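Written below as structure tokens is the structure these notes are about.
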Amino acid sequence: TPFTKIVDDWKAEGIFDRILNHNIHIIWTGGEPTMPRSSSEIRAFTQWFVAEYGIKPYYEIETNGTIPPVFADGTSLFDMMDQINCSPKLQNSGMKADFRIKPGVIKDIMSRPNSWLKFVVSVEDDIREFERDFLSIEGVTKDKICIMPGVDCLANLPERTKFLFEMTKKYGYRGITRQHVLAWDKTTGV
């Protein structure tokens, strides 16, 4: 199966045992993993893995929170996840509000243990926007929100991280910087 190749690659990289003991998490991301085809493939992998190895790795999912990943049998892809990292888009994404803000999906995500909202902020108004649009959704609390600077290159990372820390002090949100930019700058696919 194609799943066997994935695990063979992990074994070749020497990380398979660390996946089994939860030192390395499997993170479902890229595009939008809650789309029906992706959800079905993720579910198939998780079922195959348990059948093959008798253990469940630690799964995280990165989603924009717009698609409820519910299967025909009533179960949800979210039921299989140990952590849900939801990064809703703001108006600066160019998407219309009714497409990017799905209160029912956000409520479902935030009702689950170990779920987080993460917002990319470039200007202070971004914080005011997500507070207006998301803090009123049932289950959304300030302590479950992280903010990250809007930056995609190493040259701008120090200034944007400083901005982020100023916003965390002012508004009380948890701040995380862009470690992948620090390590790889603009390189993708690493």
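Using a 1.4 angstrom probe on heavy atoms only, work out the carbon and sulfur share of the accessible area of segment 150-190 in %.
On the way: 1580 of 2860 Å².
Summing carbon and sulfur atoms, their accessible area is 55 percent of the total for segment 150-190.
Met81 contributes an accessible area of around 20 Å² to the protein surface, as traced by a 1.4 Å probe with all chains present. Among Val50, Val151, Val140, the largest mean-square fluctuation in a Gaussian network model of the chain (Cα springs under 10 Å) belongs to Val50. Think of each Lys and Arg Cβ as +1 and each Asp and Glu Cβ as -1; about the Cα centre, that makes the dipole of the chain roughly 340 debye.
Among Ile42, Ile15, Ile61, the largest mean-square fluctuation in a Gaussian network model of the chain (Cα springs under 10 Å) belongs to Ile15.
Considering only Cα-Cα distances, which of the following residue pairs are longer than 21 Å: Lys11/Lys118; Lys142/Lys170; Lys96/Lys169; Lys142/Lys186; Lys96/Lys144; Lys107/Lys142? Walk me through the numbers before you get to the answer.
Working: Lys11/Lys118 32 Å; Lys142/Lys170 13 Å; Lys96/Lys169 30 Å; Lys142/Lys186 31 Å; Lys96/Lys144 24 Å; Lys107/Lys142 14 Å.
Listed pairs above 21 Å: Lys11/Lys118; Lys96/Lys169; Lys142/Lys186; Lys96/Lys144.
Here, the chain yields an orientationally averaged convex hull projection of 12.0 nm² when only Cα atoms define the hull.
All other residues whose Cβ lies under 11 angstrom from that of Val7 are scored, Lys and Arg at +1 and Asp and Glu at -1, for a net of -2. Cβ-Cβ distance of Ser122 and Asp82, R₀ of 25 Å, FRET efficiency by 1/(1 + (r/R0)^6): the value works out to about 0.25.
Tell me the mean residue ellipticity at 222 nm calculated for the chain from its helices only (DSSP H runs of n ≥ 4, each -39500 (n - 2.57), averaged over every residue, nearest 500).
Working: 8 runs with 78 residues, N = 190.
Computed ellipticity for the chain at 222 nm equals -12000 deg cm²/dmol.
Taken over segment 88-190, the ratio of Cα radius of gyration to 2.2 N^0.38 Å equals 1.11.
Just Lys142, Lys102, Lys169 to compare: in a GNM of the chain, with alpha carbon springs under 10 Å, which one fluctuates most? So, out of Lys142, Lys102, Lys169, the one fluctuating most is Lys169. For the chain, the membrane-span-like helix rule (DSSP H, alpha carbon extent of at least 20 Å along the helix axis, mean Kyte-Doolittle at least -1.0) picks out 36-53, 157-171; this says nothing about an actual membrane.
Distance between the 7 Å Cα→Cβ label points at Arg174 and Tyr53: 2.6 nm.
Give me the percent of DSSP beta bridges within the chain that run antiparallel, rounded to the nearest 5.
On the way: 1 of 18 bridges.
The answer is about 5 percent antiparallel.
All other residues whose Cβ lies under 11 angstrom from that of Ile27 are scored, Lys and Arg at +1 and Asp and Glu at -1, for a net of -3. Annotation: per residue accessible area for the chain equals 55 Å², rounded to a whole number [probe 1.4 Å, protein chains only].
So what's the net charge close to Pro103: Lys and Arg +1, Asp and Glu -1, counting the other residues with Cβ under 14 Å from its Cβ? Provide the component values of the computation, followed by the final result.
Details: positive: Arg100, Lys102, Lys107, Arg132; negative: Asp98, Asp108, Asp133, Glu138.
Once all neighbours under 14 Å are counted, the net charge is 0.
For segment 1-74 and segment 94-142, compute the distance between their C-alpha centroids and round to whole Å. One Cα centre to the other: 25 Å.
The values are calculated or read from the model by the stated rules, or taken from the named source; none is laboratory data. Here the structure is a predicted model, which is why all the values come from computation and not from measurement. With ideal geometry, Cβ positions are generated from the backbone for all residues, glycine too; neighbour counts draw on all protein chains shown. Accessible surface is based on the protein model in full, side chains and every heavy atom, while ligands, DNA and RNA are left aside. Shrake-Rupley method; radii C 1.70, N 1.55, O 1.52, S 1.80 Å.
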